[in-house]
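For reference, the structure is listed below as structure tokens.
Laboratory data are not the source of any read-out in this text; all were calculated from the coordinates shown. Keep in mind that what you see is a predicted model, and the values were worked out from it rather than measured. Here Cβ is always computed from backbone atoms with ideal geometry, including for glycine, and neighbour counts include all displayed protein chains.
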Amino acid sequence: MSRSRTRSQARSRASSHVRLRADDVSRRAFVRGAASGLLGVAAAGALPAANARAASLTGAPRRGAAQRVIFLYMSGGMSHLDTLDPKPGAETQGPTTAIDTNVDGIQLSQHFPLLAQSMDKVALVRTLQSTQGAHAQGRYFLHTSYELRGTIRHPSMGAWLSALREPENPTLPGHVSVGGDIYSAQGGFLSSRHYPLPIGDPDAGLQDAYRPKTVSDERFHRRWERLQGMNEEFARTIGTPSVAAYGEAYDQALALMESADLEAFDLSREDEAVRDAYGRSRFGQGCLLARRLAERGVGFIEVVSGGWDTHNDNFESMEDLCPPVDRGLTCLLRDLEARGLLRDTLVVLATEFGRTPDIVEARSGRNHYPKAFSGLLAGGGIRGGQAWGRTDDEGREVLENPVRLQDFSATIAYALGLDPEREHFSPSGRPFQVANKGRPVLGLFA
Amino acid sequence: MNPITTLIGTAALAAVQAATWLAPDAAASKRSPTFDPVRGATDVAGAAARIDELLEAHWSAQGLRGGDIVDDHAFARRAHLHLAGRVPTVEELRAFVADRNRDKRPELIATLVRSPAHQSRMYAFWADLLRVVDRLGNQVSGAPYEHFVKQALADNMPYDAFVRELLSAEGPAMQRGNGATGYLMRDRGMPEDNMANTMRVFLGTRIECAQCHNHPFDHWTQQDFVRLVAFQGGVQYVHGDARARGRELIQAGRALRDQNQQAYRIFRGLTRGMAAGISGSGTGLARLPKDYAYEDARPNAILTAEAPFGPAPELDIAVPAERPARRGRRRSANRGRNRDNFPEADSRSAFAAWVSSAENDRFAQVIANRLWKLVMGRGLIEPVDDIRDDTLAADPELMAFLTQLVVDSGFDLRFVLEAICSTTAWQREAQAEPAPGVAAIPTGPIIQRMTAEQAWDSLLVLRIGDADGTLTAPGFDAEAIYEQYDRVAQMSVDDILAEARSGRRIRPQNPRLAQRQKLREEARALGRQLAQARRQRDAERTAALREQIDALRQQLSAGGGLVRASELPNPAPDGHFLRNFGQSDRQQIEASSREANVPQALNLMNGLVDEAMAKGSAIQSALGALDQPAAKITHAFEAILGRPPTSRERREWLSDVRRFGDEAITDLVWVLLQTHEFLFIG
């Protein structure tokens, strides 16, 4: 007990400053904006004061500008045609229509009216390519840049970042996954310390983080002492990695319980108007939680939006799936900007593959399509207001600037200042790179 | 007439018999042991002895010796956790240790594998593999599918018959006795994914890459894949009878929706899932994708069904001549295979027979290897579902023997599991998981973290005592569905409309089911109000409604949800203990996990133990009934860790009790539940 307790206390002292460097003026402006419903559909694009201010804050980004990542994962395979790469007039488009954005020449689907007004902050990547056409494999490939194999588990970018970078805040986990099942982001062969901390329901926050009131400090420490004694004995006789992982999980849990920043997980401390602005969907509240964690120095936060596997009723489904993402994402970008955090926070939206341009009419659905699909990047040194790469008129083929998923990951690594070419060795001595030799897309940066 | 001749062998006949065998009445009467040895091992003891012999030979060739034999306490804990899915109660533990019978270990195994608790434990295994879920689609309940799996376990249905049923079932999905249709319904509209899953689960073969392109490392081609999919060609996810009146029902529903919302809701409830089911015996034909990129065939060409290995299924299907493509009809091209109307050719049962044949080596081998892994901790072949032509088992002779044992036992998986657990090897000291790449078979079972279900069910023993008493007969949840299906299937569309308009809701006969349905309806009504409150941004009302819904949900899960994992929703909801501890979300095959994470530690430290193990729990009452501190300490150790304390442990805790009184006993329970020793199976 005493050992890990002292360690965690030292940590929380060292980081008690936290990273709340939002400047108060713009934050208040944001809250006011939120309160008066300015993020509603009708008034999208308002908040002129905050926008003007933010523009000056965006400054001159450089590579390695990003300190942390918020990774929005559209689980199931997001249809590119119905979201970020509409093809108005094409037969493959179906009933979805396209709308103009605040950047000339870039259109989004009708389902992203809010994002359309913040297009200047965002770089679309419309030529993503994957080699994997099934969910488990595709999701794995997106997160790790390696193909799923029976012999080894590769780390996801969040785990790499947690392992390779000194944490901004050592009392909080470096890697958190919100709203998904807990395996979408992998820790791979890295220590379980770098696995994501799973938060199922952002509204509920981190469960059981507080000691029951009936248990005094002194009593808790007595318990902990006894527990350590028994566990050390057990680990001595059976020293397997999975047993060691439980030791680490308990140490981390204790550090967290004693962290001054534990309240980061508690959305009820947030202004109601801000909570409304993000949308009261699980995804929207997940974005808000991500912002709270980002501002307290958590390095990699994944927020999952599920249900994108639209083999059936693709077009009806879009009406349910897109609005929470449009609202949550757009609000997140504006809020980060208002707090001065967008400069060094990279926001990513990605999916494992796109969906077939051909519509299966019998069930009004689209099937898996890894050949060409879309994602986006914002903040963290990315130049907003651009659409990278081009697909053909029906959204079938990449015409220019293909971005393989490992290139996309390398771009994230590059933004973070992680060297995509450097080799790291697994415990079994095999060399790996954070993005599997992917090449960063330099044109995306400002 | 159908110009295509179809020849099916005896295996398909067996599939038909299996289907009859599964009919509800027959199933109950045929619960007799199914082991009918053909050749090879004739009994559990004989099979166990042969396994031991092969293992000893393997270890000695590797310069290894088997680990020590564990004591009775450790064995009882291991056997209960692996086979009954939970820790033994203190009474069970003490009775076993006190038993002077020489054969008590194999006898314990024999008893456990025949207990309802064992079905519950194996259900977790199969639900993970087969991705059993409560909803197969928007309107389609998964309860009949769950019923099928649980019933097969209760009846110890031969594994080959089980798989044949899953692969060839036809008919209404909501009708009694048709739960096996859930296997195809699970991947509704995705016959390719379903085929990839079938190959992986039952034949340990990863062929999904070939769905889009030739396999980069194995020899599978995209054509191989399409030829497999052809076996399930022409499958429709609507049962035959429904097609006739489906359109009529849809039109009636639409008309009603515009007139009377309330009646429409009842109408939807009545017709929910009525059409769901599987029709089509298989055309044996499928098309290559339109973007097929290789030179050896033209895109969109029609291929006939063909098995990629093993004895060829007996099927004789000719490729029909293509109608000339009509010009200017691009839209119809988008319809893909749905446009084709090939004749039925019974290719599905031929496929089911091929997969489950005793002659198809991989079928028996894969399940033998999975069972071995289940209780030994590591397969003789790893990974268990990526077997290739050149894959070599850690001990080929042992693998061959286990495979043959599966076949010779008449695919009696309970027998095979009983044999493996009756070996001397399974009584040896637990071993650390070997590093990847180490070929030798460990000299005892591998220490494993409890599965989510084992952890939940073990805590349940401590919380309520008789955890197995919460198990219900298979199919309880499905009863209401069967009842409604039978009733509505006989009604005319007019009758259904009349009932919907009358505003009456007919509840199931069984009072417990009726009560459940009433609660569900209430929850749905509240859900609609909640959606409205959200739209109106009425935060107060939203919160109040949420609370009401939560309370209802709590009521809906029997006994406040304090039931064995196999009785809880499939899968348990997000945030539930089971999910935090790695229960599969049932989206992917074998997505369960035993990884450590911080929420588990928080849950055990701060959530569960002080609350749930406090007043009213079985373990607290048992401890409270004891006078002597030493007896309390022993009881706590036995209840949680399955062993008495060491003398040092006893000394330490006695001194704590002297200093802090009963508080120290609560601390003891807390500490023991946090230990690695509790969470791991040695």
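Determine the calculated [θ] at 222 nm for the protein assembly as shown from helices alone, applying -39500 (n - 2.57) to every DSSP H run no shorter than 4 residues and normalising by the residue count; nearest 500 deg cm²/dmol.
-14000 deg cm²/dmol, from helical runs alone.
Average partner chain C-beta neighbours within 10 Å, per residue of B:666-676?
6
On full extension of the chain, what length is gained from B:E547 through B:A312, given 0.36 nm per residue of separation minus the C-alpha to C-alpha distance? All intermediate terms of the calculation are to be shown ahead of the outcome.
Values: separation 235, 0.36 × 235 = 84.60 nm, distance 5.91 nm.
Length difference between fully extended and current span is 78.7 nm.
Write down, largest first, the equivalent ellipsoid semi-axes of chain B in whole Å, where each equals the square root of 5 times an eigenvalue of the alpha-carbon gyration tensor.
45, 36, 22
Lysines near B:K373 by alpha-carbon distance under 25 Å, same-chain residues fewer than 8 away left out - which ones?
Leaving aside lysines fewer than 8 places away in the same chain, those within reach of B:K373 are B:K104, B:K150.
Which residue, B:A498, A:C322, B:W59, has the largest displacement toward the positive end of the dipole of the protein assembly as shown when charges sit on each Cβ (Lys, Arg +1; Asp, Glu -1)?
Of the listed residues, the answer is A:C322.
In what sequence, highest mean first, do B:420-427, A:394-401 appear when ranked by Cβ atoms within 10 angstrom?
Result, highest mean Cβ count within 10 Å first: B:420-427, A:394-401.
Alpha carbon centre of the range B:414-472 versus the range A:280-350: separation in Å?
Each part reduced to its Cα centre gives a spacing of 41 Å.
I'd like the FRET efficiency for B:L64 and A:S428, computed as 1/(1 + (r/R0)^6) with the beta carbon distance as r and R0 of 22 Å, rounded to 0.05.
0.50
Given q = 0.11, 0.12, 0.13, 0.28 Å⁻¹, what are the Debye log10 I(q)/I(0) values for the range B:119-185, with equal point scatterers placed on the Cα positions and solvent ignored?
Result of the Debye calculation: -0.22, -0.26, -0.30, -1.41.
Taking 51 Å as R0, compute the FRET efficiency from the Cβ-Cβ separation of B:A45 and A:D320 and round it to 0.05.
Details: r = 59 Å, r/R0 = 1.16.
Rounded to the nearest 0.05, the efficiency is 0.30.
Magnitude of the Cβ-charge dipole of the protein assembly as shown, K/R +1 and D/E -1, about the Cα centre, nearest 20 debye?
Numbers: 136 positive and 140 negative charges, 531 e Å.
The calculation lands at about 2540 debye.
So for the range B:489-640, what percent of the C-alpha to C-alpha distances run longer than 26 Å?
Details: 6267 of 11476 pairs.
Here the long-distance tail beyond 26 Å is 55 percent of all Cα pairs in the range B:489-640.
Enumerate the whole-percent occupancy of each 20 Å bin, from 0 to the last occupied one, for all C-alpha pair distances of the protein assembly as shown.
11, 40, 39, 10, 0
Suppose R0 equals 56 Å; then what is the FRET efficiency for A:E361 and B:D72 from their Cβ-Cβ distance, rounded to the nearest 0.05?
Result of the calculation: an efficiency of 0.25.
How much net charge surrounds A:E233 when only the other residues with a Cβ under 14 Å from the Cβ of A:E233 are counted, with Lys and Arg +1 and Asp and Glu -1? Working shown, then result.
On the way: positive: A:R226, A:R236, B:R643, B:R648; negative: A:E225, A:E232, B:E649, B:E652, B:E677.
So the surrounding residues net to -1.
Taking the Cα atoms only, what angle lies between the long axis of helix B:511-535 and the longest principal axis of chain B, rounded to 10 degrees?
80 degrees
Report, as an integer, the average count of C-beta atoms from other chains found within 10 Å of each Cβ along B:430-439.
Mean partner shielding for this stretch: 3.
Provide A:R236, A:R193 in ascending order of the number of other Cβ atoms located within 10 Å of each residue's Cβ, fewest first.
Least crowded to most crowded, the residues run A:R236, A:R193.
In whole Å, what is the distance between the alpha-carbon centres of the range B:336-400 and the range B:257-282?
Each part's Cα centre sits 37 Å from the other's.
Which net charge results for the neighbourhood of B:L545, defined as the other residues with beta-carbon distances under 15 angstrom from its beta-carbon, given Lys and Arg at +1 and Asp and Glu at -1?
Around B:L545, the surrounding residues sum to +3.
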